[in-house]
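Before any comments, here is the structure.
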Amino acid sequence: MAAWTPAAAAPLLRGSRGLPLHCVHRLFASQTEGELKVTRILKESFPRATAIEVTDISGGCGAMYEIKIESEEFKEKRTVQQHQMVNQALKEEIKGMHGLRIFTSVPKR
């Protein structure tokens, strides 16, 4: 049997998930530079956040992210206002993204 490599798996992955080859390597990495950058920006923008999770859901391309953030800053704000705060914090990064999924919450006491 031939050795398995991400490049060899690309046609199979492309067929089932539609990922371009440069995204296939994300399946084998821990955290992308984009995830680290977005996390850093959110930590700076929401210093009281108790949890921040950023996941590149485009397979590592940086085209689409899922963000989960829990912060006291969201207290007494409607969901749409919370999401606007996240969008404002990431306004420059969003310009280069295809999409963004945002999940916000206030810490439970």
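The values are calculated or read from the model by the stated rules, or taken from the named source; none is laboratory data. The shown structure was predicted, so the numbers you read here are calculated from the model rather than taken from an experiment. Quick reminder, even Gly has a Cβ in these numbers, built from the backbone with ideal geometry, and neighbours come from all protein chains shown. What goes into the accessible areas is simple: the full protein's heavy atoms, side chains included, and nothing from ligands, DNA or RNA. Shrake-Rupley method; radii C 1.70, N 1.55, O 1.52, S 1.80 Å.
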TODO: On the full set of protein chains, 1.4 Å probe, figure out the accessible area of residue 79 and give it in Å² to the nearest 10.
DONE: 80
Open item on the list: Explain nothing, just compute: Karplus ³J(HN,Hα) = 6.51 cos²θ - 1.76 cosθ + 1.60, θ = phi - 60°, for every residue of region 79-88 in order, whole Hz, x for Gly and Pro.
Closed with: 4, 4, 5, 4, 5, 4, 5, 5, 4, 5
Open item on the list: For residue 108, project a label point 7 Å along Cα to C-beta. Then give me every residue of region 69-94 with its amide nitrogen under 15 Å of that point.
Closed with: 70-71
- [ ] Name the aspartates and glutamates eligible as straight-distance cross-link partners of residue 108: C-alpha to C-alpha under 15 Å, and not fewer than 8 places from it in the same chain.
- [x] 70, 72, 73, 76
Open item on the list: If I compute solvent accessible area with a 1.4 Å probe over the protein chains, what percent of it on region 26-109 is carbon and sulfur?
Closed with: 48
Task: Amide H partners (placed H, <5 Å) of residue 102, local residues excluded - done: 67
Task: Spatially proximal lysines relative to residue 95 (Cα-Cα < 27 Å; intrachain offsets below 8 disregarded) - done: 37, 43, 68, 77
